[in-house]
1. Being open to solvent by less than 60 Å² (accessible area, probe 1.4 Å), part of a helix (DSSP H, G or I) and either aromatic (Phe, Trp, Tyr) or closer than 19 Å to Glu25 by Cβ (or both) is the filter here; which residues of region 103-119 pass it?
2. Does Glu87 satisfy the criteria of being surrounded by 14 or more Cβ atoms within 10 Å (Cβ to Cβ) and modelled with pLDDT under 70?
3. Residue check: is Arg61 modelled with pLDDT of 95 or more, within 13 Å of the chain's Cα centre (by Cα) and open to solvent by 80 Å² or more (accessible area, probe 1.4 Å)?
4. Return the pair list, or none, for Cβ contacts closer than 6 Å from residues in region 103-119 that are farther than 11 Å from Phe68 by Cβ to residues that are among the charged types (D, E, K, R) and crowded, with 16+ Cβ neighbours inside 10 Å, at least 6 apart or on different chains.
Amino acid sequence: LPLCFPQKLWKMLESDQFQSIWWSEGGKCVAINKDLFKVEVLGRGVRQRVFNTRHIRSVIRQLNLYGFTKVQRDIQRSASLPEFLSEEAAASSHSQILYYYNPSFNRAHPWLLGTCKRR
């Protein structure tokens, strides 16, 4: 039987094969490096393809359909100009990282994966 989207996602997160996707927040969130994910996961040939798409928008749509919500990262800014500018540079590279949360998708509670249903 083919795996459903949350199961594929879980297997990717637990695999050491992918550098573009990982557990974040102690296993409570999924972190995706958008640019690397496009190359590493979506850019694969037909035989090695994980998802039936080559577009990040489709993966994000699936995340939303399965109840994942995007998590905004709040970064504290410094008052001094040089520190602020270096933090801005770090934040812009950090903006390529997407964070998604679903209460039924938690590394510490794998049995909840079965409750992760499509809306």
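The values are calculated or read from the model by the stated rules, or taken from the named source; none is laboratory data. This structure is a prediction, so every number in the text was calculated from the model and none was measured. Using ideal geometry, Cβ is built from the backbone for each residue, glycine included, and neighbour counts are taken over all protein chains shown. Note: areas computed on protein heavy atoms with side chains; ligands, DNA, RNA excluded. Shrake-Rupley method; radii C 1.70, N 1.55, O 1.52, S 1.80 Å.
1. Leu112, Leu113
2. yes
3. yes
4. Asn106/Lys28
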